[in-house]
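**Student:** My questions will all concern the structure given below.
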Amino acid sequence: LHKMLRAVSQFRPFIRTMALTYEKYPFLKELGIEAVNPGCYNGKWCGSGPVLTSMNPATGEAIAQVNSCTVEEYEETIVAMEAAKNEWMMTPGPRRGEIVRQIGVALREKVEALGKLVSLEMGKINPEGVGEVQEAIDICDLAVGLSRSIAGQVLQSERPGHMLLETWNPLGMVGIISAFNFPCAVAFWNIAISLICGNVSVWKGASSVCLTTMACAKICADVFEANGLPGAIASTIVGPGSTVGDKLITDERLKLVSFTGSTKVGRHVSETVHSHFGRTILELGGNNAVICMPDADLELVLRGCLFGAVGTAGQRCTSLRRLFLHESVYDKMVERFVKAYATIPIGDPLEKGTLCGPVHNPAAVKEYLDGVAAIKAEGGKILCGGNKIDRPGNYVEPCIAAIDPRAEIVKTELFVPILYVFKFKTIDEVIALNNGVPQGLSSAMFTKDLGNVCRWIGPLGSDCGLVNVNAGTSGAEIGGAFGGEKDTGGGRESGSDAWKQYMRRSTCTINYSAEMPLAQGIVFE
Ligand code: UN1
């Protein structure tokens, strides 16, 4: 057996280099991506674990490879982070912001090339690939502002000669795990905010988007090195969840793990990290709905929902999955949607004019086909789509299905372009249906009625983290806190006060008197 393996491994490099297509994509060079790349950066570039091959979802061809991070290299990364930690924690906030500003500038310089790589590797159309890098740039800008403005507070003490304060300090070391569908933006949501909070971080990108991950790592590395700072402050790894992923979530030296991905894996991350009282930010599955009230602007519904359901080939966590149409508009809207679906240009994500690219990998094609079968098995009706497209790559037809909103399959997040349509009569009924799934990420109501709006965003309205009005479920801005409730995990990333999770709060009582009065008026003498 040994001999056989050796013989096979002699041929492997040959077979590997033969099949790679990276030379077809000149923008890879601009990003520092070669045929074979290191899969770990911690101030040094390394990677000697299993080889990851990045596959092009549009063709099924291999693009380039990454030597993944081993458990030993993970450990070296943590050691390098620990060595760099105190210096970064003690660096003044605005100075940390200056580093993030430079990362934002570097991202701006690479926006076209990186946007193309995101499209090539993930499969989203190029305007969305560029949009994703823009989202990373925007969060850097937001973080720079925060680096000068995050503040604690001075509260009223009940004791004379006392001050009561809240101050914020860095957590120290944090771990970030991102998903394939937003290989750049979601990483920077975490990295940029965490950096200005004074943390050092290790980011693990998804294996199937290892090239984008390492291109982003290079952008950060160059900025840190140009400033004479340890690159380990923003470390990056790629590698199997079963080895380095597992190390990361069981590592008590990481005070926070921010995880974006499926509810199933998120539950495991949550149980593991909370068992050692680590913190988590979980951004898990969604099952997002639009409600079209009888008074809605139907043009807006159509446009918002097409982007929500077909955009990114249904692979945003915010993608529209469930469309509730009031019975008075149901027939005509279903007809319009089916007609619109027939005209959507499906094709190469890097080709101008394409609106729907492939799904990410063959597993997603299977998820789509199994989903369609399950819909039929539960008495659903396929109104359009439902098939794999006969061409190379992972192409499927965007699908619309009519089914009972309470069917089992409707409660599961299918991460593919399948849209359910339902008919409803009353606002009470439809809000209950919106809330009647395990997930709680994004939701939207289209209406012009102020009463409906207030119902929808109020205590008995949508139970999701994102509650929109006359805007689709996907494509949230970075300024707000992003995340959702229930099986979505409860975390909030990105804007608003999401930064608080990357810091620890110290409540400080300072006695500047010569007395020792006790709180609650206790006399202890
Ligand atoms: C995700 O799909 O994990 O709101 C994030 C949106 C994007 C982010 C999606 N800004 O659709």
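**Student:** Note down all Cβ pairs under 9 Å where the first residue falls in segment 280-300 and is free of Cβ contacts under 8 Å to residues at least 12 places away in the same chain and outside any loop (DSSP other than H, G, I, E, B), the second is within 15 Å of the ligand (Cβ to nearest atom) and among the aromatic types (Phe, Trp, Tyr), and they're at least six residues apart or on different chains.
**Tutor:** Nothing qualifies.
**Student:** Let me ask something else about it. Identify, by number, the condition in (1) away from the ligand (no atom under 13 Å from the Cβ); (2) assigned to a helix (DSSP H, G or I); (3) surrounded by 23 or more Cβ atoms within 10 Å (Cβ to Cβ); (4) not hydrophobic (A, V, I, L, M, F, W, C) that residue 132 doesn't meet.
**Tutor:** (1)
**Student:** Whether any residue in segment 298-314 is acidic (Asp, Glu) and either touching a Lys or Arg at 6+ places or on another chain (Cβ under 9 Å) or within 16 Å of the ligand (Cβ to nearest atom) (or both) is what I want to check. Outline the logic, then answer.
**Tutor:** From segment 298-314, those acidic (Asp, Glu) are 299; that's our starting set.
Filter again for either touching a Lys or Arg at 6+ places or on another chain (Cβ under 9 Å) or within 16 Å of the ligand (Cβ to nearest atom) (or both), leaving none.
No; the residues of segment 298-314 include none that is acidic (Asp, Glu) and either touching a Lys or Arg at 6+ places or on another chain (Cβ under 9 Å) or within 16 Å of the ligand (Cβ to nearest atom) (or both).
**Student:** Additional query: So which residues in segment 229-278 are closer than 15 Å to residue 204 by Cβ, among the small types (Gly, Ala, Ser) and assigned to a helix (DSSP H, G or I)?
**Tutor:** Answer for segment 229-278, where residues must be closer than 15 Å to residue 204 by Cβ, among the small types (Gly, Ala, Ser) and assigned to a helix (DSSP H, G or I): 232, 241, 242, 245, 266.
**Student:** Same structure again: Out of segment 159-170, which residues are out of contact with any helix residue (DSSP H, G or I) (no Cβ under 6 Å at 6 or more places or on another chain) and either within 28 Å of residue 278 (Cα to Cα) or assigned to a loop (DSSP other than H, G, I, E, B) (or both)?
**Tutor:** Residues satisfying the conditions are 159, 160, 161, 164, 165, 166, 167, 168, 169.
**Student:** Further question: So in segment 472-508, with the set limited to residues that are hydroxyl-bearing (Ser, Thr, Tyr) and surrounded by fewer than 21 Cβ atoms within 10 Å (Cβ to Cβ), which one is nearest to the ligand (Cβ to nearest atom)?
**Tutor:** 496
**Student:** Within segment 43-83, restricting attention to residues that are within 24 Å of the chain's Cα centre (by Cα) and assigned to a helix (DSSP H, G or I), which residue is surrounded by the fewest Cβ atoms within 10 Å (Cβ to Cβ)?
**Tutor:** The extreme case among them is 78.
**Student:** Select from segment 52-80 the residues that are in contact with a Gly (Cβ under 9 Å, 6 or more places away or on another chain), of a type in the set (A, V, I, L, M) and over 18 Å from residue 215 (Cβ atoms) and list them in ascending order.
**Tutor:** 58, 71, 80
**Student:** I would also like to ask the following. Tell me yes or no: at least one residue of segment 326-337 is closer than 30 Å to residue 120 by Cα, more than 16 Å from the ligand (Cβ to nearest atom) and either within 20 Å of the chain's Cα centre (by Cα) or part of a helix (DSSP H, G or I) (or both).
**Tutor:** yes
Each reported figure results from applying straightforward, stated rules to the coordinates on display, with no laboratory input. None of the values given here were measured: they were computed from a predicted structure. In this analysis, Cβ positions are derived from the backbone assuming ideal geometry, glycine residues included, and neighbour counts consider all displayed protein chains.
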